[in-house]
Amino acid sequence: MMRLFAAILLGMLVCTPAWAGQKSVELTASIPAHEWNSTRLQNVYQGSTLNFELTSDEEIRVLLLDKEGFQKYPQIDRALFQSVASHEIKFSVITPKSGDYYLVVDNTAGDLQVHYLARIEARTNVMAEKSRPWVMAHR
């Protein structure tokens with residue numbers, strides 16, 4: 001399965017009271033027919049709010065998985081979020097635990113290449129843990 005490799009370092013979250021860390025990123029990608037790709041959100045705190053907005057030129061399947069779910073993909077038991085989107089989808093998730101999360105954009109059912117734009121925002125409650133970097137890697 002073809003994977004696109006790009007890495008974006010979003011910096012260090014500063015440990016200050018309450019909702020101190022807020023980072024956002026925008027990325028564009030293309031997925032060939034019958035393939036999928038993923039974007040890893042690394043070192044996300046428990047209780048963080050992740051906001052997603054995706055637009056595409058064709059129908060895509062969109063999932064948010066934790067590390068364990070991603071390692072089993074596409075044979076997953078459950079996703080934190082899962083939907084089929086025709087051209088636009090917006091959703092938010094509050095992370096149940098600290099760790100890595102994966103945005104999966106799946107075009108395995110499609111017969112055409114798909115182009116999409118994803119906007120991702122992470123709003124972190126840093127009172128829950130000590131500060132550590134939040135990194136995103138797109139494949």
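Among Ser24, Ser38, a tally of other beta-carbon atoms within 10 Å of each Cβ gives an order, fewest to most, of Ser24, Ser38. The charge dipole of region 50-119, taken about its Cα centre with unit charges on the Cβ atoms of Lys, Arg (+1), Asp and Glu (-1) only, comes to about 340 debye.
For region 41-117, the set of trypsin sites (Lys or Arg not before Pro) satisfying both a DSSP loop assignment and a count of at most 10 other C-beta atoms within 10 Å is given as Arg78.
Values quoted throughout were computed directly from the atomic coordinates according to the rules given, and no laboratory measurement underlies them. Please read these numbers as outputs of a predicted model, since none were measured by experiment. Don't worry about glycine lacking a Cβ; one is built from the backbone with ideal geometry, like all the others, and counts go over all protein chains shown.
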